[in-house]
Amino acid sequence: MSRIVVTGAASDIGARVVAKLADTQPRPEVLAVDQATLPPPPSLPPEVEQQRADLEFADLRSMFCGADTVVHLNYQGTPGETDAAADESDLLIAERVLQAAADCQVDQIVLLSSALVYGARTANPVPLTEDAPVRPNPDFSWAVTRAEIEKLTAEWKKANRSTAVAVLRPTTLVTDDDLGQLARVLHNGRLGVAADGDPPVQYLHIDDLAGAVATVVECRADGPLNVAPEGWIPPDALRDLEGPKPRLRVPMWMARGLAAVRWRAGLAPIPPGVVPYTSHSWVIASDRLRSLGWEPAYSNEEAWVVSHNPGPLDWIPARRRQELALAVAALGVIGGLGFLAWLLRRIATRRAAA
């Protein structure tokens, strides 16, 4: 009987991965490891062993020795948030996981990264494959940390060549009735004053990511693997799904500068490093993962639909919503011009009185 250790089992993806792995045939022994500060994952199969531990300080060898596979899903950092302590913790824990896996001669490691590590640039091919260079945009700290963990893992692999090391790079993750943190950050980055550019987008349902992890474990895959539904949502199709949104297009440098000012002042939840990911393409191809037998249950569009909480205007056809949005925008412009004219008259009156 094989033994699998899953870190980060208290997370949404961790709980799904544990349940899926525990249901495979022949049934493995599964140890679900949670951070001591988090509530235990709900409704895990009764045969799954659970352990609470602080991965920065716990004796990982006591958990890993005797295991065939370690699936590392534990992360402290959150996409779109600047948290140096969390990033440092993620790096430290990844290093400790790799060292313990080497000490215990684990046969396979599966590590969760992100497609954000490719970076978002005008020169990116559409789509990106695993052969593309890892070049995250430097001021998006969460993506930079994922890239640093990947570099650390690649160096570890050179000294442990007999161990299969799979690094999963999922695109934007969503769940039922929830866009997810990264999806919300990217969505908000496309609103208001935004950089010029309409890249295609992808959405991956969390159940399909759990299925990808199970496939990689079963096949003992090695190397980086993109995780995304086939194809992508073009800009026009995304606008039809979302409906018209208020957006003022400005050059990239201006959007990044404004985002930096608003971020430092606490006026917006969008760090400046997110801006390129909202205006340049970073969509990925998952042919390598598909060749292992993985097939997502949700397309990009279906993942978006199930994650979307309908708004009060969603019953209105897209064309009509666009007309209403344009009308509201026009009224806003007229109101702004009227206020400016009133302000100028008031200033002129005061000067004349003086």
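The values are calculated or read from the model by the stated rules, or taken from the named source; none is laboratory data. Given the structure is predicted, the values throughout are model-derived calculations rather than measurements. For neighbour counting, all protein chains shown are included, and Cβ atoms are generated from backbone atoms with ideal geometry for every residue, glycine included. The area values use the complete protein model at the heavy-atom level, side chains included, leaving out ligands, DNA and RNA. Shrake-Rupley method; radii C 1.70, N 1.55, O 1.52, S 1.80 Å.
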Estimated FRET transfer efficiency when R0 is 35 angstrom, pair Val250-Arg290 (beta carbons, to 0.05): 0.35
Using unit Cβ charges (K, R positive; D, E negative) and no other charged atoms, how large, in debye to the nearest 20, is the dipole of the range 186-250 about its Cα centre? 380
If ligands, DNA and RNA are left out, what is the accessible area of Phe64 with a 1.4 Å probe, given in Å² to the nearest 10? 0
On average, how much accessible surface per residue is there in the range 209-295, in Å², for a 1.4 Å probe, leaving out ligands, DNA and RNA? 46
Compare Leu21, Leu73, Leu248 in a GNM of the chain, Cα atoms joined below 10 Å, and give the one with the largest fluctuation. Leu248
Taking Cα pairs under 8 Å and at least six residues apart, what relative contact order does the chain come out at, in percent? 18
Roll a 1.4 Å probe over the protein heavy atoms and report the accessible area of Arg135 in Å², nearest 10. 110
Given the -39500 (n - 2.57) contribution per DSSP H run of 4+ residues, what per-residue ellipticity at 222 nm results for the chain, rounded to the nearest 500 deg cm²/dmol? -13500 deg cm²/dmol
Ser281's amide H: which non-local residues (gap 5+, or another chain) put their own amide H closer than 5 Å, with H modeled 1.01 Å from N in plane and none for Pro or chain starts? Arg121
What FRET efficiency comes out for the pair Gln51/Glu95, r = Cβ-Cβ distance, R0 = 22 Å, nearest 0.05? 0.60
Whole-percent carbon and sulfur share, accessible surface of the range 147-195, 1.4 Å: 51
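Give the ranking of Trp156, Trp263 by solvent-accessible surface, highest area first, calculated with a 1.4 Å probe.
Output order, biggest surface exposure first: Trp263, Trp156.
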Given a Förster distance of 45 Å, report the FRET efficiency between Glu88 and Ala237 from their Cβ-Cβ distance, rounded to the nearest 0.05. 0.70
Just going by the charge dipole of the chain, with Lys and Arg at +1 and Asp and Glu at -1 on Cβ, which of Thr172, Met254, Ser113 is farthest out on the positive end? Met254
Can you give me the accessible area per residue for the range 16-136, using a 1.4 Å probe, in Å²? 46
Of the labelled options [x] 44, 22, 19; [y] 32, 26, 18; [z] 53, 27, 16, which one gives semi-axes √(5λ) of the Cα gyration tensor in Å as computed for this structure? [x]
Protein chains only, probe 1.4 Å: how do Glu295, Glu242 rank by accessible area, largest first? Glu295, Glu242
For the chain, list the cysteines whose Cβ sits under 4.7 Å from no other cysteine Cβ? Cys219
With θ set to phi - 60°, apply the Karplus curve 6.51 cos²θ - 1.76 cosθ + 1.60 along the range 150-157 and write out the HN-Hα couplings as whole Hz, x wherever there is a Gly or Pro. 5, 4, 4, 5, 5, 5, 5, 4
With +1 on each Lys and Arg Cβ and -1 on each Asp and Glu Cβ, and nothing else charged, work out how big the dipole of the chain is about its Cα centre, in Debye to the nearest 20. 2080
What's the magnitude of the charge dipole for the range 109-174 around its Cα centre, counting Lys and Arg as +1 and Asp and Glu as -1 at the beta-carbon? Answer in Debye, nearest 20. 120
